[in-house]
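Just so you know, all these numbers are worked out from the coordinates, no wet-lab data involved. Nothing here was measured: the structure is a model prediction, and the numbers come from that model. Every residue, glycine as well, gets a Cβ built from its backbone with ideal geometry; the counts of neighbours run over all protein chains shown.
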Number of protein chains: 2
Amino acid sequence: MPSVSSRANNMPASPIRKLVPFAEKAKKQGRKVYHLNIGQPDIETPDTMLNAIRNFAPKVVEYSHSAGIESYRKKLVGYYQKYNIALDYTDIMVTTGGSEAIEIAMMTCLNPGDEMIIPEPFYANYNGFSEQAGVKVRPIRSYIESGFALPPISEFEKLITPKTRAIMICNPGNPTGYLYSRQELESLKELVLKHDLFLFSDEVYREFCYDNREYVSVMHLGGLDKNVVLLDSVSKRYSACGARIGAMISKNKEVMEAALKFAQARLSPPTFGQVAAEAAIDTPQSYFDKVKKEYVARRDFVITALNKMEGVFCPNPGGAFYCIARLPIDNADKFCQWLLESFNYKEQTVMLAPATGFYSTPGAGTDEVRIAYVLNLDDLNNAMLCLDEALKVYPGRKVKEKELAK
Amino acid sequence: MPSVSSRANNMPASPIRKLVPFAEKAKKQGRKVYHLNIGQPDIETPDTMLNAIRNFAPKVVEYSHSAGIESYRKKLVGYYQKYNIALDYTDIMVTTGGSEAIEIAMMTCLNPGDEMIIPEPFYANYNGFSEQAGVKVRPIRSYIESGFALPPISEFEKLITPKTRAIMICNPGNPTGYLYSRQELESLKELVLKHDLFLFSDEVYREFCYDNREYVSVMHLGGLDKNVVLLDSVSKRYSACGARIGAMISKNKEVMEAALKFAQARLSPPTFGQVAAEAAIDTPQSYFDKVKKEYVARRDFVITALNKMEGVFCPNPGGAFYCIARLPIDNADKFCQWLLESFNYKEQTVMLAPATGFYSTPGAGTDEVRIAYVLNLDDLNNAMLCLDEALKVYPGRKVKEKELAK
């Protein structure tokens, strides 16, 4: 019997999805599971988008251009203009979700064996796409104590080798919720120019910046046109994760021309999703205002609830809809599985993502979990109650000295 | 300025799409271009499918399961049952088009440096996906004189090395339209078992078998459960290329489990397309009967027209909606570009795909083109008139001895 490739063996299972069978089992046992493990918001997709699909008129569902429907790409120029990102539509290639934007960007810019530096914890699937592309991830540690701020540039310098080809960031950050300051990004810019690197920036959460904090895109930094590749998606913006529409954006023509060859191989991004996403650009600002208000309320509730729990610490994120919390537990993977397999509070439990999957450094994040605050306040309240109760009875609770002294 | 990867440089431009800029220019000059270059049918998508999209009810466009919507996978079992392919729904993973099925199958089963034998001419994007996966394609030549029948197994044997991991076929074939006989497939089976190889079979054209010829799937061959990976798509079946819904199918559990990790990295296939594809399974047989009748009429017309042209030879394909024709020309790439750039017949021209892009052996197919008979009979008639006229005046026409003697 032929065996699977070692690439397949090395491919990491999704830390977000690997607990799914346990959740399914808990549900079959009649338990309510609060899904804080995945960035699947409960926010309604805007009608602008859904109506476009309901009014889909063509009689043939055709391939689009490999780079995306031209009218959609042109309309995206206006969308980015609102964020002070000046683009020509040829700078934009529509992709099948942000996932494919990452995948094609890596394949276009890096060879097998090349290295990419990513501040960790980072979006776990960067690992998967790196494995696929044969790219070696060099993680650079950021810490919960500083809210996961950008590590000092001197630490980046230590990791740079002749094989280093790119730096990847996510801003606002998944899984940290951290929002990079202009100063942090300017310091990255200097580094990127000094070493002639690509700078990949995943900015799919730009609609979710809180407390009037400034969203600074890598596209706002001058002099980086040849280096910057912006990775984007409509999934979170319009709560339309299933549309699978994203974008790879660069002013580096050589990059975009090469990327198109990968795009041509897979023919085209989904037509239905593009039609919906094109219409979605007309979504009124009131939709986003309402959504942002809702997320701020959720964030405030969750962060407060977490920090009230004995032994729990969670920094206040400036963007996205995630936070990473440090829990008084022996092992986050065990704890998250235990929540689904062995725990319930009034027939309810909560599903979290162990933070270990977001770190590339072995052993990092063992006592941290990622929480996606993508449910309504009532559900979040119940989920936090579950978590609080669970931490009290979890057999692997780490007893802190403070508690021992009680 | 950082440069693109050598992988990107090596990535082949799509032979089907690389002439697109010339076609766009011709259209801007007011010319009608008949697109016989790409398998984008003009056949209407069935209402079963379009109505499902028009009635899309959920308020949130969510991710689906990474392996696809469960109800869709279960319903697909019934679809395959009609073709005597007995599956469990867990044997089926829904993909973003057949393209992604190919991509994931290669990554799952082959390592960089591994070899895959493919009878040529073959679907050009197999090259692209191989380049992405670092897989070396070993082409085995099939010939227009025999209608592109399977090469003798002894020829395959000559190509097998310790690095050979898979054989890939397309049946009914794109770009040849060739339909493999049971005998041919049985001989492949013996080879695959003898050398413990994977057998990838792209059968996206199974609905298009003509002249009451039997469709034999690799899934019909007994004893190959561990070896066979079926690659599928709804694109042609329902004339829904833009839906981007395909499937990777295998009874090898190890393969399917590993494939799921790649699927998880990209989160999920498109939700809209899956909803449409699930509904499409209820499309009445009358739709397919009508479509098949139409394609047979088109095929008969095109093949007859081609073989009537001086110096042209085209075998009669048993399936799909392509044929490869040998033309009296110096160079198919030049000719196809010339058709768009420098030729018109009553302000009309025709776009063809040079067959060179479907061969991996350098120099093969130089005087061949692939024709997709995806337009209605009137358009096909005009397209054939254009081609006939074009061949008369093309400066690179190869003058045969017979003609010289005139």
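DSSP beta bridges fully contained in the protein assembly as shown are about 45 percent antiparallel. Legend: mean number of C-beta atoms from other chains within 10 angstrom of residue C-beta atoms, peptide B:206-216, equals 0. The dipole here belongs to segment B:1-57: it is taken about the Cα centre, uses +1 on the Cβ of Lys and Arg and -1 on the Cβ of Asp and Glu, and is about 420 debye. Helical runs assigned H by DSSP (4 residues or longer) give chain B a calculated mean residue ellipticity at 222 nm of -11500 deg cm²/dmol, each run adding -39500 (n - 2.57) before division by the residue total. Find how many whole Å separate the alpha carbon centroid of segment B:271-321 from the alpha carbon centroid of segment A:229-283. The two parts, judged by their Cα centres, are 31 Å apart.
When Rg and the Kirkwood radius Rh are both evaluated on Cα atoms of chain B, their ratio Rg/Rh stands at 0.97.
Plainly put, the tip 7 Å out from Cα toward Cβ on A:K293 is 6.0 nm from that tip on each other copy, the closest given first. Note on segment B:292-406: Rg/Rh from Cα positions, Kirkwood definition for Rh, rounded to two decimals, is 0.95. With label points defined 7 Å past Cα in the direction of Cβ, position B:I153 shows copy-to-copy spacings of 6.6 nm, given to one decimal and shortest first.
In this Cβ point-charge picture (+1 for Lys and Arg, -1 for Asp and Glu), segment B:296-406 has a dipole of about 260 debye about its Cα centre.
Divide the volume of the convex hull around the Cα atoms of segment A:47-280 by the residue count and you get 118 Å³ per residue.
In this structure the amide hydrogen of B:F148, modeled in the peptide plane, comes within under 5 Å of the amide hydrogens of B:Y143, none closer than 5 places in sequence on its chain. Entry note, chain B: relative contact order of 25 percent, from Cα contacts under 8 Å with a spacing of 6+ residues. For the pair segment A:118-138 and segment A:153-212, the centres of their Cα atoms are 14 angstrom apart. Considering only B:I371, B:L179, B:Y238, whose Cα is most displaced toward the positive end of the charge dipole of chain B, charges sitting on Cβ of Lys, Arg (+1) and Asp, Glu (-1)? The listed residue farthest towards the positive side: B:I371. Distances between equivalent label points of B:L377 across the copies, with each point positioned 7 Å along Cα→Cβ, amount to 6.8 nm, shortest listed first. Using equal-weight Cα scatterers in the Debye expression, the normalised intensity of segment A:67-128 in log10 at q = 0.15, 0.20, 0.28 Å⁻¹ is -0.63, -0.91, -1.13. Semi-axis lengths, largest first, of the ellipsoid equivalent to segment B:9-150 are 31, 26, 18 Å, with √(5λ) applied to each eigenvalue of the Cα gyration tensor. Take the convex hull of the alpha carbons in the protein assembly as shown; its mean projected area over all directions comes to 34.9 nm².
Residues whose amide H falls under 5 Å from that of B:R138, counting only those 5 or more places apart or on a different chain, are B:M116, B:I117, B:I118, with hydrogens built in the peptide plane. Across segment A:164-307, Cα-Cα pairs more than 28 Å apart make up 28 percent of the total. Phi angles across segment A:205-219 convert, under the Karplus curve 6.51 cos²θ - 1.76 cosθ + 1.60 with θ = phi - 60°, into 3J(HN,Hα) values of 9, 4, 6, 10, 10, 10, 6, 6, 7, 7, 8, 10, 8, 4, 6 Hz, Gly and Pro given as x. Most simply put, chain B has about 45% antiparallel DSSP beta bridges, counting only bridges with both residues inside it. Annotation: Cα Rg of segment A:1-63 relative to the compact-globule expectation 2.2 N^0.38 Å equals 1.84.
What you get for segment A:47-280, charging only the Cβ of Lys and Arg (+1) and of Asp and Glu (-1), is a dipole of about 400 debye around the Cα centre.
Where is the GNM fluctuation largest for chain B (alpha-carbon springs, 10 angstrom cutoff): B:A86, B:A305, B:A263? Comparing B:A86, B:A305, B:A263 in a Gaussian network model of chain B, the most mobile one is B:A86. With K and R counted +1 and D and E -1, the other residues having a Cβ less than 10 Å from that of A:E115 yield a net charge of +3. Our coupling estimate for segment B:58-63, obtained by passing each phi through the Karplus curve with A = 6.51, B = -1.76, C = 1.60 and θ = phi - 60°, is x, 8, 10, 8, 8, 4 Hz, Gly and Pro reported as x.
Restricting the trypsin sites (Lys or Arg not before Pro) of segment A:83-168 to loop positions (DSSP other than H, G, I, E, B) with no more than 16 neighbouring Cβ atoms within 10 Å leaves A:K163.
Each of A:V228, A:L267, A:I117 was placed along the dipole of segment A:47-280 (beta-carbon charges, centred on the mean Cα), and the one lying farthest toward the positive end is A:L267. Cross-link pairs exceeding 21 Å in C-alpha to C-alpha distance, out of B:K194/B:K261; B:K158/B:K194; A:K163/A:K189, comprise B:K194/B:K261. For B:K236, the aspartates and glutamates whose Cα comes closer than 13 Å to its Cα, not counting residues fewer than 8 places off in the same chain, are A:E62, B:D42, B:E44, B:D202, B:E203, B:E207.
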